[in-house]
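One structure is given below, represented as structure tokens, and several questions about it will come after.
No lab work stands behind these numbers, since they all come straight from the coordinates. Since we're looking at a predicted model, the values are computed, not measured.
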Amino acid sequence: MNRLISSKMAIWAMAAGATLVALPAFAEPKIGVVDATRLLEESPQGKAMGESMRAEFAPRQRTLQAQEQALKAKQEKLQKDGATMTEDQRQRTEKELRDGSRDLQRATQEFQDDVSARRNEELSRLQRTVIEEVRSYAKAQGYDLVISDGVIYSTQQYDITPGVLQALQAKGGAAKPAAPATPPPPKK
């Protein structure tokens, strides 16, 4: 009986071995790694987004800088002429400085909030464009798996970032950021 089981196991082992040898050799999966941050920063679409943001918010930034300079000038005038001013003039100037400083802080905070909200909108749109391009590139190149965030180390052979970047550059600024939202009027 043991001999029968042994011979059956031997036959089964040979059949399994033959089956494994007969199976087509599966190719190793094709894996790629992409640096999404680099794509966002170096792609024409990312650069266009940055330029669009700078152009949209530059006027407000210049206005804030002018307000800051005016406050500094007023502060310097108070320090320089404070001793020769009447008490009423000095108090009025100090109040104007406090009010101006408070208005500048509020305007600066609103500006930063608007920039942040707009950047998040545009970054979300750009990320969708980059993800879609990575998918298209991976499919066209026959990748089975593409990994992005969370990769601590990868050799250059797996890095497909340059190829995806070329594809994005070939499309140029085709995925232009949406027209900027009309900024709210400055609050007084």
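Using the Karplus curve 6.51 cos²θ - 1.76 cosθ + 1.60 with θ = phi - 60°, work out ³J(HN,Hα) for each residue of region 53-65 in order, rounded to whole Hz, and write x for Gly and Pro.
5, 4, 5, 5, 9, 4, x, 5, 5, 5, 4, 5, 5
List the residues whose amide H sits under 5 Å from the amide H of residue 32, counting only those 5 or more places along or on another chain, with H placed 1.01 Å from N in the peptide plane.
HN-HN under 5 Å from residue 32: 145, 146, 147.
Another question, if that's okay. Could you give me the ³J(HN,Hα) list for region 30-37, computed from phi with Karplus coefficients 6.51, -1.76, 1.60 and θ = phi - 60°, whole Hz, x at Gly and Pro?
Running phi through 6.51 cos²θ - 1.76 cosθ + 1.60 with θ = phi - 60° gives 8, 10, x, 10, 10, 8, 4, 4 Hz.
What is the gain in length, in nm to one decimal, between residue 37 and residue 104 on full extension, counting 0.36 nm per residue of separation less the C-alpha to C-alpha distance?
Result for the pair: 20.7 nm of gain on full extension.
Using 0.36 nm times the number of residues separating residue 116 and residue 69, minus their current alpha carbon distance, what extension gain do you get?
14.5 nm
Work out how far the C-alpha atoms of region 28-174 reach from end to end along every principal axis, then list the three figures in whole Å, largest first.
Sorted largest first, the three principal extents are 86, 31, 20 Å.
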